[in-house]
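Since the structure comes first, as C-alpha coordinates, the remarks are kept for the end.
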Amino acid sequence: MKKIAASVLLIILFSSAAAFAAKDAVEVRTLLKEKIDNVLEVLEKENLSDREKRGKIEEIVDPVFDYELMAKLALGPRNWPRLSPDQKEIFSKRFIKRVKASYFDKISMYSGDSDAGFEYGAPKTSGDKVHLPVTVRAAGDKIEMIYKFYRSGRQWKIYDVEVGGVSIIQSYRSQFNQVMADGTVEDLLEDLKTADNFQ
Amino acid sequence: MTYCMILHNTGKERLLEAVVFIFLFCFVFADTLYAGQTPDNTAAAGKQENVKGQAGQQQNDFDGFDSGGDFDDFDEFDSGTESRSGSVYDPLSGYNRFMTKVNDRIYFWVLKPAASGYAAVTPGFVRKSVNRFFKNLGYPVRFVNNVLQLKFRRAGVETARFLVNSTVGLAGLGDPADRWMDLEAYPEDFGQTLGVYGIGGGGHLVLPLLGPSNFRDSLARIPDLFLDPLYYLEPSEAAIGLRVFDRVNSTSLHLGEYESLKKDAVDWYIFLKNAYENRRKKKIEE
(Lines give C-alpha, C1' and ligand atoms only; values in the text may rest on other atoms or scores of the structure.)
Protein backbone atom coordinates (compact mmCIF):
# COMPACT_ATOMS: atom_id res chain seq x y z
CA MET A 1 0.00 0.00 0.00
CA LYS A 2 2.75 2.35 0.99
CA LYS A 3 4.57 1.49 -2.18
CA ILE A 4 1.56 2.34 -4.31
CA ALA A 5 1.02 5.62 -2.50
CA ALA A 6 4.67 6.49 -2.94
CA SER A 7 4.64 5.72 -6.63
CA VAL A 8 1.40 7.67 -7.13
CA LEU A 9 3.00 10.60 -5.38
CA LEU A 10 6.08 10.27 -7.54
CA ILE A 11 4.03 10.14 -10.70
CA ILE A 12 2.11 13.25 -9.67
CA LEU A 13 5.35 15.05 -8.87
CA PHE A 14 6.95 14.11 -12.14
CA SER A 15 3.94 14.86 -14.26
CA SER A 16 3.46 18.25 -12.65
CA ALA A 17 7.13 19.02 -13.22
CA ALA A 18 6.68 17.94 -16.82
CA ALA A 19 3.53 20.03 -17.08
CA PHE A 20 5.39 23.07 -15.77
CA ALA A 21 8.19 22.49 -18.25
CA ALA A 22 5.68 22.20 -21.07
CA LYS A 23 3.96 25.40 -19.94
CA ASP A 24 7.32 27.22 -19.86
CA ALA A 25 8.14 25.97 -23.32
CA VAL A 26 4.84 27.19 -24.71
CA GLU A 27 5.26 30.57 -23.02
CA VAL A 28 8.73 31.06 -24.45
CA ARG A 29 7.69 29.95 -27.90
CA THR A 30 4.73 32.31 -27.94
CA LEU A 31 6.90 35.17 -26.75
CA LEU A 32 9.66 34.61 -29.32
CA LYS A 33 7.25 34.07 -32.18
CA GLU A 34 5.45 37.29 -31.33
CA LYS A 35 8.74 39.21 -31.20
CA ILE A 36 10.05 37.78 -34.48
CA ASP A 37 6.74 38.40 -36.23
CA ASN A 38 6.77 42.01 -35.03
CA VAL A 39 10.35 42.50 -36.21
CA LEU A 40 9.55 41.05 -39.64
CA GLU A 41 6.59 43.37 -39.89
CA VAL A 42 8.84 46.37 -39.28
CA LEU A 43 11.41 45.12 -41.79
CA GLU A 44 8.78 44.80 -44.47
CA LYS A 45 7.60 48.39 -44.12
CA GLU A 46 9.00 50.17 -47.13
CA ASN A 47 8.22 53.72 -46.05
CA LEU A 48 10.61 53.61 -43.09
CA SER A 49 14.27 54.60 -43.20
CA ASP A 50 16.89 52.23 -41.78
CA ARG A 51 17.17 54.39 -38.71
CA GLU A 52 13.46 54.41 -38.04
CA LYS A 53 13.37 50.66 -38.53
CA ARG A 54 16.20 50.22 -36.12
CA GLY A 55 14.43 52.33 -33.50
CA LYS A 56 11.25 50.31 -33.80
CA ILE A 57 13.10 46.99 -33.72
CA GLU A 58 14.96 48.02 -30.60
CA GLU A 59 11.66 48.85 -28.93
CA ILE A 60 10.47 45.34 -29.75
CA VAL A 61 13.53 43.29 -28.80
CA ASP A 62 15.15 45.27 -25.97
CA PRO A 63 12.75 44.00 -23.29
CA VAL A 64 13.58 40.34 -24.04
CA PHE A 65 17.38 40.59 -24.20
CA ASP A 66 19.24 40.67 -20.90
CA TYR A 67 22.11 42.66 -22.38
CA GLU A 68 23.90 43.27 -19.08
CA LEU A 69 23.95 39.60 -18.20
CA MET A 70 25.22 38.88 -21.72
CA ALA A 71 28.08 41.33 -21.27
CA LYS A 72 29.05 39.71 -18.01
CA LEU A 73 28.81 36.18 -19.37
CA ALA A 74 30.78 37.13 -22.47
CA LEU A 75 33.70 38.33 -20.41
CA GLY A 76 33.49 35.23 -18.23
CA PRO A 77 34.09 34.32 -14.60
CA ARG A 78 37.88 34.56 -14.88
CA ASN A 79 38.09 38.04 -16.35
CA TRP A 80 34.98 39.78 -15.06
CA PRO A 81 36.34 40.16 -11.49
CA ARG A 82 39.51 41.74 -12.90
CA LEU A 83 37.59 44.86 -13.93
CA SER A 84 36.92 47.71 -11.57
CA PRO A 85 33.29 48.81 -11.21
CA ASP A 86 33.95 51.71 -13.60
CA GLN A 87 35.58 49.45 -16.14
CA LYS A 88 32.68 47.03 -15.86
CA GLU A 89 30.30 49.79 -16.74
CA ILE A 90 32.33 50.93 -19.74
CA PHE A 91 32.80 47.35 -20.86
CA SER A 92 29.09 46.62 -20.63
CA LYS A 93 28.14 49.79 -22.47
CA ARG A 94 30.50 49.14 -25.36
CA PHE A 95 29.68 45.46 -25.54
CA ILE A 96 25.95 46.12 -25.62
CA LYS A 97 26.36 48.75 -28.32
CA ARG A 98 28.34 46.32 -30.40
CA VAL A 99 25.92 43.42 -29.95
CA LYS A 100 22.96 45.61 -30.84
CA ALA A 101 24.68 46.98 -33.94
CA SER A 102 25.61 43.49 -35.01
CA TYR A 103 22.10 42.18 -34.45
CA PHE A 104 20.56 44.93 -36.51
CA ASP A 105 23.15 44.46 -39.23
CA LYS A 106 22.37 40.74 -39.51
CA ILE A 107 18.63 41.08 -39.33
CA SER A 108 18.47 43.75 -42.00
CA MET A 109 20.10 41.29 -44.40
CA TYR A 110 16.77 39.50 -44.43
CA SER A 111 14.71 42.51 -45.32
CA GLY A 112 13.37 42.24 -48.81
CA ASP A 113 13.60 38.47 -48.73
CA SER A 114 9.91 37.74 -48.83
CA ASP A 115 10.21 33.96 -48.68
CA ALA A 116 12.34 33.95 -45.56
CA GLY A 117 10.64 31.40 -43.33
CA PHE A 118 10.94 30.69 -39.63
CA GLU A 119 10.31 27.24 -38.17
CA TYR A 120 10.13 26.80 -34.41
CA GLY A 121 11.55 23.52 -33.16
CA ALA A 122 10.95 21.56 -29.97
CA PRO A 123 12.18 23.55 -26.95
CA LYS A 124 14.57 22.02 -24.42
CA THR A 125 13.74 22.88 -20.85
CA SER A 126 16.03 22.49 -17.87
CA GLY A 127 15.29 24.21 -14.60
CA ASP A 128 14.75 27.89 -15.22
CA LYS A 129 16.11 27.79 -18.76
CA VAL A 130 14.42 27.15 -22.07
CA HIS A 131 16.39 26.69 -25.27
CA LEU A 132 14.29 27.21 -28.36
CA PRO A 133 15.62 26.09 -31.76
CA VAL A 134 14.55 28.20 -34.72
CA THR A 135 15.36 27.37 -38.32
CA VAL A 136 15.58 30.29 -40.70
CA ARG A 137 15.29 29.63 -44.40
CA ALA A 138 16.45 32.47 -46.57
CA ALA A 139 17.86 32.64 -50.08
CA GLY A 140 18.12 28.87 -50.37
CA ASP A 141 20.13 28.58 -47.18
CA LYS A 142 19.09 27.02 -43.92
CA ILE A 143 20.36 28.62 -40.73
CA GLU A 144 19.89 26.80 -37.44
CA MET A 145 19.56 29.10 -34.47
CA ILE A 146 18.93 28.48 -30.79
CA TYR A 147 17.46 31.23 -28.66
CA LYS A 148 18.40 30.67 -25.02
CA PHE A 149 15.99 32.04 -22.44
CA TYR A 150 16.10 32.06 -18.65
CA ARG A 151 13.48 33.01 -16.11
CA SER A 152 14.16 36.44 -14.70
CA GLY A 153 11.55 37.17 -12.06
CA ARG A 154 8.23 36.80 -13.85
CA GLN A 155 9.70 37.31 -17.30
CA TRP A 156 11.65 35.27 -19.79
CA LYS A 157 14.86 36.85 -21.04
CA ILE A 158 17.39 35.90 -23.67
CA TYR A 159 20.94 35.40 -22.42
CA ASP A 160 22.51 33.88 -25.55
CA VAL A 161 21.81 33.11 -29.20
CA GLU A 162 23.45 30.28 -31.05
CA VAL A 163 23.84 30.52 -34.82
CA GLY A 164 24.86 27.36 -36.66
CA GLY A 165 26.35 25.82 -33.52
CA VAL A 166 28.24 28.98 -32.61
CA SER A 167 27.19 30.65 -29.37
CA ILE A 168 27.53 34.42 -29.43
CA ILE A 169 28.56 34.44 -25.77
CA GLN A 170 31.14 31.73 -26.23
CA SER A 171 32.48 33.33 -29.37
CA TYR A 172 33.03 36.64 -27.62
CA ARG A 173 34.39 34.93 -24.53
CA SER A 174 37.11 33.17 -26.50
CA GLN A 175 38.08 36.46 -28.12
CA PHE A 176 38.08 38.36 -24.82
CA ASN A 177 40.14 35.58 -23.20
CA GLN A 178 42.74 36.08 -25.92
CA VAL A 179 42.79 39.85 -25.50
CA MET A 180 43.11 39.53 -21.73
CA ALA A 181 45.83 36.90 -22.04
CA ASP A 182 47.91 39.15 -24.29
CA GLY A 183 47.07 42.51 -22.78
CA THR A 184 45.38 44.56 -20.11
CA VAL A 185 41.86 45.62 -19.24
CA GLU A 186 42.56 48.90 -21.02
CA ASP A 187 43.43 47.01 -24.22
CA LEU A 188 40.16 45.15 -23.92
CA LEU A 189 38.10 48.31 -23.54
CA GLU A 190 39.96 49.90 -26.41
CA ASP A 191 39.51 46.89 -28.70
CA LEU A 192 35.84 46.85 -27.99
CA LYS A 193 35.60 50.44 -29.09
CA THR A 194 37.68 50.41 -32.22
CA ALA A 195 37.86 46.85 -33.41
CA ASP A 196 36.63 47.87 -36.84
CA ASN A 197 39.91 46.72 -38.28
CA PHE A 198 38.23 46.91 -41.59
CA GLN A 199 39.34 47.54 -45.11
CA MET B 1 33.60 25.62 -52.50
CA THR B 2 35.06 23.49 -49.80
CA TYR B 3 36.95 21.32 -52.15
CA CYS B 4 40.65 21.41 -52.33
CA MET B 5 41.63 23.46 -55.32
CA ILE B 6 45.20 22.35 -55.44
CA LEU B 7 45.62 18.74 -54.44
CA HIS B 8 43.66 17.20 -57.22
CA ASN B 9 46.29 17.34 -59.96
CA THR B 10 46.98 13.97 -61.42
CA GLY B 11 50.76 14.00 -61.59
CA LYS B 12 52.91 14.04 -58.50
CA GLU B 13 55.08 16.81 -59.94
CA ARG B 14 52.07 19.00 -60.36
CA LEU B 15 51.17 18.54 -56.73
CA LEU B 16 54.67 19.52 -55.77
CA GLU B 17 54.52 22.49 -58.08
CA ALA B 18 51.32 23.65 -56.45
CA VAL B 19 52.72 23.34 -52.94
CA VAL B 20 55.84 25.25 -53.91
CA PHE B 21 53.67 27.89 -55.51
CA ILE B 22 51.61 28.32 -52.39
CA PHE B 23 54.64 28.71 -50.19
CA LEU B 24 56.23 31.21 -52.55
CA PHE B 25 52.97 33.06 -52.64
CA CYS B 26 52.89 33.20 -48.86
CA PHE B 27 56.40 34.53 -48.60
CA VAL B 28 55.65 37.25 -51.08
CA PHE B 29 52.68 38.20 -48.97
CA ALA B 30 54.61 37.96 -45.72
CA ASP B 31 56.46 41.18 -46.48
CA THR B 32 53.39 43.22 -47.21
CA LEU B 33 51.56 41.81 -44.24
CA TYR B 34 54.17 42.26 -41.58
CA ALA B 35 55.33 45.63 -42.86
CA GLY B 36 52.35 47.50 -41.45
CA GLN B 37 52.43 45.60 -38.19
CA THR B 38 54.15 47.40 -35.39
CA PRO B 39 52.57 47.00 -31.99
CA ASP B 40 50.50 50.07 -31.34
CA ASN B 41 50.96 50.38 -27.62
CA THR B 42 51.40 54.11 -27.55
CA ALA B 43 47.95 54.77 -28.91
CA ALA B 44 46.40 52.39 -26.41
CA ALA B 45 48.28 53.99 -23.54
CA GLY B 46 47.05 57.41 -24.58
CA LYS B 47 43.49 56.21 -24.57
CA GLN B 48 43.84 54.74 -21.11
CA GLU B 49 43.84 58.15 -19.56
CA ASN B 50 40.77 58.98 -21.51
CA VAL B 51 38.98 55.88 -20.32
CA LYS B 52 39.85 56.55 -16.71
CA GLY B 53 38.66 60.10 -17.04
CA GLN B 54 35.26 59.05 -18.34
CA ALA B 55 34.93 56.35 -15.74
CA GLY B 56 35.50 58.74 -12.87
CA GLN B 57 32.36 60.65 -13.73
CA GLN B 58 30.12 57.62 -13.71
CA GLN B 59 28.36 56.26 -10.66
CA ASN B 60 29.31 52.75 -9.70
CA ASP B 61 25.98 51.07 -10.05
CA PHE B 62 27.62 47.89 -11.28
CA ASP B 63 28.90 46.92 -7.86
CA GLY B 64 26.12 44.48 -7.19
CA PHE B 65 27.14 42.63 -10.32
CA ASP B 66 30.10 41.04 -8.65
CA SER B 67 28.26 38.36 -6.77
CA GLY B 68 29.61 35.57 -8.99
CA GLY B 69 26.35 33.67 -8.61
CA ASP B 70 25.42 34.40 -12.20
CA PHE B 71 28.39 32.49 -13.49
CA ASP B 72 27.39 29.39 -11.55
CA ASP B 73 23.93 29.51 -13.10
CA PHE B 74 25.33 29.91 -16.60
CA ASP B 75 28.37 27.67 -16.63
CA GLU B 76 27.59 26.09 -20.00
CA PHE B 77 29.99 28.32 -21.93
CA ASP B 78 33.05 26.71 -20.40
CA SER B 79 32.09 23.19 -21.32
CA GLY B 80 32.28 23.49 -25.10
CA THR B 81 35.31 23.37 -27.34
CA GLU B 82 36.58 26.20 -25.20
CA SER B 83 37.87 24.19 -22.29
CA ARG B 84 38.22 25.52 -18.78
CA SER B 85 41.96 25.72 -18.98
CA GLY B 86 42.17 27.67 -22.19
CA SER B 87 41.12 27.41 -25.77
CA VAL B 88 41.18 25.15 -28.82
CA TYR B 89 44.49 23.31 -29.17
CA ASP B 90 46.48 25.58 -31.43
CA PRO B 91 50.19 24.78 -31.64
CA LEU B 92 50.52 26.63 -34.96
CA SER B 93 48.80 29.83 -33.89
CA GLY B 94 51.53 32.02 -35.38
CA TYR B 95 51.26 30.41 -38.79
CA ASN B 96 47.47 30.25 -38.51
CA ARG B 97 47.16 33.95 -37.80
CA PHE B 98 49.42 34.70 -40.70
CA MET B 99 47.46 32.46 -43.08
CA THR B 100 44.20 34.03 -41.91
CA LYS B 101 45.61 37.37 -43.05
CA VAL B 102 46.74 35.93 -46.36
CA ASN B 103 43.27 34.51 -46.95
CA ASP B 104 41.76 37.83 -45.95
CA ARG B 105 43.85 39.65 -48.57
CA ILE B 106 42.94 37.04 -51.17
CA TYR B 107 39.30 37.64 -50.36
CA PHE B 108 39.48 41.42 -50.63
CA TRP B 109 41.95 41.65 -53.49
CA VAL B 110 40.93 38.74 -55.71
CA LEU B 111 37.84 36.83 -54.72
CA LYS B 112 35.53 39.69 -53.83
CA PRO B 113 36.24 41.82 -56.92
CA ALA B 114 35.86 38.77 -59.16
CA ALA B 115 32.61 37.70 -57.48
CA SER B 116 31.17 41.23 -57.51
CA GLY B 117 31.94 41.69 -61.20
CA TYR B 118 30.49 38.31 -62.00
CA ALA B 119 27.38 39.00 -59.91
CA ALA B 120 26.85 42.28 -61.75
CA VAL B 121 26.50 40.53 -65.10
CA THR B 122 24.86 37.28 -64.00
CA PRO B 123 21.29 37.08 -62.75
CA GLY B 124 20.76 35.61 -59.29
CA PHE B 125 18.75 32.61 -60.45
CA VAL B 126 21.58 31.54 -62.76
CA ARG B 127 24.10 31.76 -59.94
CA LYS B 128 21.84 29.78 -57.65
CA SER B 129 21.44 27.11 -60.32
CA VAL B 130 25.19 26.89 -60.79
CA ASN B 131 25.55 26.51 -57.05
CA ARG B 132 23.05 23.65 -57.06
CA PHE B 133 24.89 22.01 -59.95
CA PHE B 134 28.13 21.87 -57.99
CA LYS B 135 26.29 20.79 -54.85
CA ASN B 136 24.79 17.89 -56.78
CA LEU B 137 28.29 16.76 -57.74
CA GLY B 138 29.04 16.41 -54.03
CA TYR B 139 26.65 13.47 -53.86
CA PRO B 140 29.30 10.69 -53.79
CA VAL B 141 31.07 12.31 -50.84
CA ARG B 142 27.82 12.72 -48.93
CA PHE B 143 26.56 9.24 -49.78
CA VAL B 144 29.74 7.38 -48.81
CA ASN B 145 30.17 9.30 -45.58
CA ASN B 146 26.56 8.82 -44.56
CA VAL B 147 27.03 5.08 -45.13
CA LEU B 148 30.30 5.06 -43.19
CA GLN B 149 28.45 6.67 -40.31
CA LEU B 150 25.71 4.03 -40.64
CA LYS B 151 23.15 6.70 -41.48
CA PHE B 152 21.46 4.52 -44.06
CA ARG B 153 18.20 6.44 -44.28
CA ARG B 154 20.08 9.66 -45.01
CA ALA B 155 22.24 7.86 -47.56
CA GLY B 156 19.01 6.69 -49.20
CA VAL B 157 17.59 10.21 -49.21
CA GLU B 158 20.82 11.46 -50.77
CA THR B 159 20.55 8.84 -53.51
CA ALA B 160 16.95 9.76 -54.21
CA ARG B 161 17.94 13.40 -54.35
CA PHE B 162 20.77 12.69 -56.76
CA LEU B 163 18.57 10.65 -59.09
CA VAL B 164 15.73 13.18 -59.11
CA ASN B 165 17.90 16.27 -59.36
CA SER B 166 20.19 14.87 -62.04
CA THR B 167 17.22 14.04 -64.27
CA VAL B 168 14.15 16.13 -63.51
CA GLY B 169 16.39 18.83 -62.06
CA LEU B 170 18.40 19.04 -65.31
CA ALA B 171 21.85 17.84 -64.22
CA GLY B 172 21.41 19.31 -60.78
CA LEU B 173 20.69 22.88 -61.90
CA GLY B 174 17.38 22.69 -60.07
CA ASP B 175 16.51 21.11 -56.77
CA PRO B 176 13.06 19.57 -57.31
CA ALA B 177 13.82 16.94 -54.65
CA ASP B 178 13.86 19.59 -51.95
CA ARG B 179 11.25 21.84 -53.47
CA TRP B 180 8.54 19.31 -54.26
CA MET B 181 9.45 16.16 -52.38
CA ASP B 182 10.85 17.68 -49.19
CA LEU B 183 14.04 15.69 -49.48
CA GLU B 184 16.82 17.62 -47.82
CA ALA B 185 20.53 17.15 -48.38
CA TYR B 186 22.56 15.68 -45.52
CA PRO B 187 26.05 17.05 -45.93
CA GLU B 188 28.68 14.74 -44.47
CA ASP B 189 32.39 14.57 -45.17
CA PHE B 190 35.20 12.28 -44.09
CA GLY B 191 36.30 14.68 -41.35
CA GLN B 192 32.86 14.31 -39.78
CA THR B 193 33.01 10.54 -40.22
CA LEU B 194 36.31 10.42 -38.32
CA GLY B 195 34.78 12.69 -35.69
CA VAL B 196 31.81 10.36 -35.26
CA TYR B 197 34.24 7.52 -34.52
CA GLY B 198 35.84 9.56 -31.79
CA ILE B 199 38.84 11.09 -33.54
CA GLY B 200 39.48 14.60 -32.29
CA GLY B 201 40.36 17.53 -34.49
CA GLY B 202 43.99 17.73 -33.46
CA GLY B 203 45.41 21.20 -33.73
CA HIS B 204 43.66 23.98 -35.54
CA LEU B 205 45.04 24.59 -39.03
CA VAL B 206 44.23 27.41 -41.44
CA LEU B 207 44.62 26.22 -45.02
CA PRO B 208 45.72 28.51 -47.85
CA LEU B 209 42.70 29.65 -49.89
CA LEU B 210 40.38 27.25 -48.06
CA GLY B 211 40.38 28.86 -44.64
CA PRO B 212 39.87 27.37 -41.16
CA SER B 213 40.34 23.64 -40.69
CA ASN B 214 42.14 21.29 -38.32
CA PHE B 215 44.59 18.41 -38.68
CA ARG B 216 41.86 15.78 -38.90
CA ASP B 217 39.67 17.63 -41.38
CA SER B 218 42.61 18.63 -43.58
CA LEU B 219 43.81 15.05 -43.95
CA ALA B 220 40.22 13.89 -44.42
CA ARG B 221 39.99 16.04 -47.54
CA ILE B 222 42.21 13.59 -49.38
CA PRO B 223 39.86 10.56 -49.36
CA ASP B 224 36.94 12.86 -50.12
CA LEU B 225 38.85 14.14 -53.11
CA PHE B 226 38.75 10.70 -54.72
CA LEU B 227 34.96 10.80 -54.47
CA ASP B 228 34.78 14.13 -56.25
CA PRO B 229 33.78 13.80 -59.92
CA LEU B 230 35.88 16.84 -60.81
CA TYR B 231 38.98 14.94 -59.72
CA TYR B 232 38.55 12.60 -62.68
CA LEU B 233 38.04 15.36 -65.21
CA GLU B 234 40.67 15.67 -67.96
CA PRO B 235 42.47 17.92 -68.70
CA SER B 236 43.14 18.97 -65.14
CA GLU B 237 43.21 22.64 -66.20
CA ALA B 238 39.51 22.35 -66.90
CA ALA B 239 38.93 20.93 -63.44
CA ILE B 240 40.88 23.79 -61.85
CA GLY B 241 38.87 26.23 -63.91
CA LEU B 242 35.61 24.70 -62.72
CA ARG B 243 36.71 24.78 -59.10
CA VAL B 244 37.61 28.44 -59.38
CA PHE B 245 34.28 29.10 -61.06
CA ASP B 246 32.44 27.25 -58.27
CA ARG B 247 34.26 29.33 -55.68
CA VAL B 248 33.58 32.65 -57.39
CA ASN B 249 29.97 31.69 -57.95
CA SER B 250 29.31 30.66 -54.36
CA THR B 251 31.10 33.77 -53.10
CA SER B 252 28.84 35.89 -55.28
CA LEU B 253 25.84 34.49 -53.38
CA HIS B 254 27.27 35.53 -50.02
CA LEU B 255 28.81 38.92 -50.71
CA GLY B 256 28.90 41.12 -47.65
CA GLU B 257 28.65 38.30 -45.12
CA TYR B 258 32.38 37.99 -44.56
CA GLU B 259 32.66 41.74 -44.05
CA SER B 260 29.70 41.81 -41.71
CA LEU B 261 31.10 39.06 -39.50
CA LYS B 262 34.55 40.57 -39.52
CA LYS B 263 33.19 43.90 -38.38
CA ASP B 264 31.69 42.26 -35.28
CA ALA B 265 34.83 40.41 -34.28
CA VAL B 266 37.23 41.70 -31.66
CA ASP B 267 39.88 39.22 -32.76
CA TRP B 268 39.05 37.93 -36.24
CA TYR B 269 41.33 34.90 -36.10
CA ILE B 270 39.99 33.73 -32.73
CA PHE B 271 36.46 34.31 -33.97
CA LEU B 272 36.99 32.15 -37.05
CA LYS B 273 38.77 29.41 -35.12
CA ASN B 274 36.11 29.21 -32.45
CA ALA B 275 33.30 29.32 -35.02
CA TYR B 276 34.88 26.57 -37.12
CA GLU B 277 35.58 24.20 -34.24
CA ASN B 278 32.14 24.65 -32.69
CA ARG B 279 30.34 24.28 -35.97
CA ARG B 280 32.21 21.07 -36.74
CA LYS B 281 31.47 19.76 -33.27
CA LYS B 282 27.79 20.39 -33.79
CA LYS B 283 27.79 18.78 -37.24
CA ILE B 284 29.54 15.69 -35.88
CA GLU B 285 26.95 15.39 -33.12
CA GLU B 286 24.05 15.53 -35.58
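Quick notes on this one:
- Of all accessible heavy-atom area on region B:128-250, the percent that carbon and sulfur account for (1.4 Å): 70 percent
- Rounded tilt (10° steps) of A:67-79 against the dominant C-alpha axis of chain A: 80 degrees
- Judged by the mean number of other Cβ atoms found within 10 Å, the most tightly packed of the peptides B:201-213, A:67-79 leads the ranking A:67-79, B:201-213.
- Model label zone, residue B:118; criterion: amide N under 20 Å from point 7 Å along Cα-to-beta-carbon; scope region B:192-218: B:208-212
- When accessible surface is computed with a 1.4 Å probe, chains B and A are found to bury approximately 5000 Å² between them, both chains counted.
- Pairs from the table (A:88/B:263; A:53/B:128; A:100/A:193; A:93/B:282) lying more than 25 angstrom apart at Cα are A:53/B:128; A:93/B:282.
- The simple Förster model, with R0 at 41 Å and r as the Cβ-Cβ distance, assigns residue A:106 and residue B:180 a FRET efficiency of 0.85.
- Net +/- balance of residues flanking residue B:177 in space, Cβ distance below 12 Å, scoring K and R +1, D and E -1: -1
- Report summary: the helix-based calculation at 222 nm, which adds -39500 (n - 2.57) for every DSSP H run with n ≥ 4 and divides by the residues of chain A, gives -20000 deg cm²/dmol.
- Backbone HN-Hα couplings from phi across region B:203-219 [Karplus 6.51/-1.76/1.60, Hz, Gly and Pro as x]: x, 6, 8, 8, 8, x, 6, 8, x, x, 7, 9, 4, 4, 5, 5, 5
- Reduced Cα scattering model of region A:2-195, Debye log10 I(q)/I(0), q = 0.09, 0.18 Å⁻¹: -0.43, -1.27
- Across peptide A:87-96, the average count of Cβ atoms from other chains found within 10 Å of a residue's Cβ is 3.
- 15 Å beta-carbon shell around residue B:138, net charge (K/R +1, D/E -1): 0
- Carbon + sulfur, % of accessible area of region A:2-195 - ligands and nucleic acids excluded, 1.4 Å: 57 percent
- Selected from A:22, A:65, A:55, residue furthest toward positive end of dipole (region A:2-195; charges at beta carbon): A:22
- Residue among A:134, A:42, A:96 farthest towards the positive dipole end of chain A, charges placed on Cβ: A:134
The values are calculated or read from the model by the stated rules, or taken from the named source; none is laboratory data. Treat the numbers as computed from the prediction; the structure is a model and nothing was measured. No Cβ is skipped: glycine too gets one built from the backbone with ideal geometry, and neighbour counts run over all protein chains shown. With ligands, DNA and RNA removed, areas are computed over all heavy atoms of the protein, side chains included. Shrake-Rupley method; radii C 1.70, N 1.55, O 1.52, S 1.80 Å.
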